[in-house]
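The values are calculated or read from the model by the stated rules, or taken from the named source; none is laboratory data. Values in this document were obtained by computation on a predicted structure and should not be read as measured data. As a convention, Cβ positions derive from the backbone with ideal geometry for all residues, glycine included, and neighbour counts pool all protein chains shown. Just the protein is used for accessible areas: all its heavy atoms, side chains included, with ligands, DNA and RNA removed. Shrake-Rupley method; radii C 1.70, N 1.55, O 1.52, S 1.80 Å.
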Amino acid sequence: MDLVVDPTTEKPEERAVQIEETVGNVHVDNPRMRAENVQVHYGDKHAIQNVTIDIGANEVVAFIGPSGCGKSTFLRCLNRMNDTIDICRVDGRIELDGKDIYDPSVDVVPLRARVGMVFQKPNPFPKSIYDNVAYGPRIHGLCDSKAELDEVVEQSLTKAGLWEEVKDRLDQPGTGLSGGQQQRLCIARAIAVSPEVILMDEPCSALDPIATAKIEELIHELSSQFTIVIVTHSMQQAARVSHRTAYFHLGRLVEVGPTKQIFTSPQHSLTQDYITGRFG
Amino acid sequence: MDLKTSDLNQHISSQFNEELETLRTHVLKMAGLVERNLRTAVGALETMDSSVMVSIEQAEQQINAFEILVDREVMNIIALRQPAAGDLRVVMAISKIVRDLERMGDEAYKVGKLASELSSDQPPAAALNLAASLGRQVADLVKRAVDSFVRLDADEAQGVFSEDKAIDSDYESSLRAMVTFMIEDPRSIGRMVKLLWVFRALERMGDHATNISEQLIYAVRGKDVRHTEVSESDIQSIADE
């Protein structure tokens, strides 16, 4: 049993808490991804400690927790985005459809097509709206003809709820769209390569409430076809969009459970303190 | 993980702490008025003093005003603070508890009014004593339910259930005694019927106290103890209809 002391309090001895194992059922019946005893080190810093969790097919899982708790770090492990950081070391096992994604034989380029990512700040390429969406299918060689590519672009933009707004200006720069539209363009770009899982790292933090509501509605619609993992600082957002919620604290997965249960009757005092805005 | 009273003032937002404290204080004041009205009304059954109705009516007005006030505060907290977990359970429990308190206030008022009417046409002392005795039991039960709310004490709230069963049993035997009184003296039926309404009001108050305890247990433990005969599959089947 480890004793974890919350560094944010002035009297750490009073806030010492015990985190033995993750509270709640970390496993699901139909996992799309499975993480087992995942540890992440940034140099000497032990950023993620022993995280085990399943991500079910076609479910929306929200990762919540205070800044620096490791939720984004763990999210980035799910499509090996941490590979780009030299001092980062990932141990443990992460499977996608039963296959270890950290196996040396795995090529990260197709992996990241299967596990796409949407970032905090919309980051469209400095290309046209059309080319932003067509980029992935082109480099992955998913379309044989221009007509097929047109079809993929239209379908992706439609699924991202953007088609009606941009269909008459597909040749205009993606960067000319509003923030909310740019984020939906990034989602269209991610789904254009038919991923299985979409990772979203605070996708609405730079958006106004209307644009946020559109993205949340989109998440709901996309969940019928994709598995979605979302990191958010907005607990109301986690409550609104996710089926299951996982609470991270100081690099550990403290509690995971159905969102309704986490927001009405959390089992761990740390979860309770965080979602009710208490000291700690 | 039981919720504790200290949990309610540990938020980073001191304003939220104050709002929750104010909400609790108002519920307690409302509960205090209900209990006081009940004890006054029960006292009137013993003394046959109709003059207490003035103070009972005043308190009843305040109880009703508290219901509106607490409802507003609950709405504001939900709209502005979006409470979650234990906070949400407490706020939701309070929104239901005030409804029960308001109904209890109505019943206490009814007991007072009937006692006042009976003062000019008194039933036998033995019958009045039975009613007063049940009234004191109910008042103690209400106090216990309110105390458990003050301390967020789910164990104490649990005790209310068994006590309410005892009250129900006493209510049944009191009704049988009333029937005997009526058979012995058919001319007393008019006033005895009024006394029956008193018993009925007291028994209902016990039920409301039980409701408060159920809500309190939900707020503290997150466990719904209402209608234990209803299974999860019963709930699911009507949800799926």
Practice prompt. State which residue is nearest to the other protein chains (Cβ to nearest Cβ) when the search covers only segment B:1-49 and only residues that are charged (D, E, K, R) and more than 30 Å from residue B:107 (Cα to Cα).
Written response: B:7
Practice prompt. Say whether the condition of being farther than 18 Å from residue B:25 by Cβ, open to solvent by 30 Å² or more (accessible area, probe 1.4 Å), assigned to a helix (DSSP H, G or I) and more than 14 Å from every other protein chain (Cβ to nearest Cβ) is met by at least one residue in segment B:117-125.
Written response: yes
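Table: residues versus (1) touching a Leu at 6+ places or on another chain (Cβ under 7 Å); (2) farther than 16 Å from residue B:209 by Cβ.
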residue: B:129; (1), (2): no, yes
residue: B:134; (1), (2): yes, no
residue: B:139; (1), (2): yes, no
residue: B:150; (1), (2): yes, no
residue: B:167; (1), (2): yes, no
residue: B:178; (1), (2): yes, yes
Discussion item. Checking the structure you have, find out if any residue of segment B:66-88 is out of contact with any helix residue (DSSP H, G or I) (no Cβ under 8 Å at 6 or more places or on another chain), part of a helix (DSSP H, G or I), of a type in the set (Val, Ile, Thr) and away from every other protein chain (no Cβ under 14 Å).
Written reply: yes
Worksheet item: residue A:144 passes all but one of (1) modelled with pLDDT under 95; (2) touching a Leu at 6+ places or on another chain (Cβ under 8 Å); (3) acidic (Asp, Glu); which number fails?
Response: (2)
Response to the item:
Residues of segment B:85-116 being over 14 Å from the mean Cα position of the chain (by Cα), open to solvent by less than 20 Å² (accessible area, probe 1.4 Å) and farther than 25 Å from residue B:197 by Cα, in sequence order, are B:85, B:86, B:87, B:89, B:90, B:91
Practice prompt. Can you give me the ranges of the strands (runs of 3 or more DSSP E) entirely in segment A:179-280 with at least 2 residues that are more than 14 Å from chain B (Cβ to nearest Cβ) and among the β-branched types (Val, Ile, Thr)?
Written response: A:197-201, A:227-231
Item to complete: Answer yes if at least one residue in segment B:40-57 is among the charged types (D, E, K, R), modelled with pLDDT under 95 and touching a helix residue (DSSP H, G or I) at 6+ places or on another chain (Cβ under 7 Å), and no otherwise.
Response: yes
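Sort out for me the helices (runs of 4 or more DSSP H) sitting completely within segment A:94-174 that have 1 or more residues that are under 30 Å from residue A:52 (Cβ atoms) and open to solvent by 10 Å² or more (accessible area, probe 1.4 Å).
A:108-114
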Worksheet entry | All positions within segment B:202-228 that are away from every other protein chain (no Cβ under 14 Å) and not in a helix (DSSP H, G or I) | B:226, B:227, B:228
Response to the item:
Apart from one, (1) open to solvent by 10 Å² or more (accessible area, probe 1.4 Å); (2) in contact with a Leu (Cβ under 6 Å, 6 or more places away or on another chain); (3) closer than 30 Å to residue A:273 by Cβ all hold for residue B:156; the odd one out is (2)
Worksheet, complete the sentence: Among A:58, A:82, the single one that is under 14 Å from the mean Cα position of the chain (by Cα), open to solvent by less than 30 Å² (accessible area, probe 1.4 Å) and within 15 Å of residue A:115 (Cβ to Cβ) is A:82
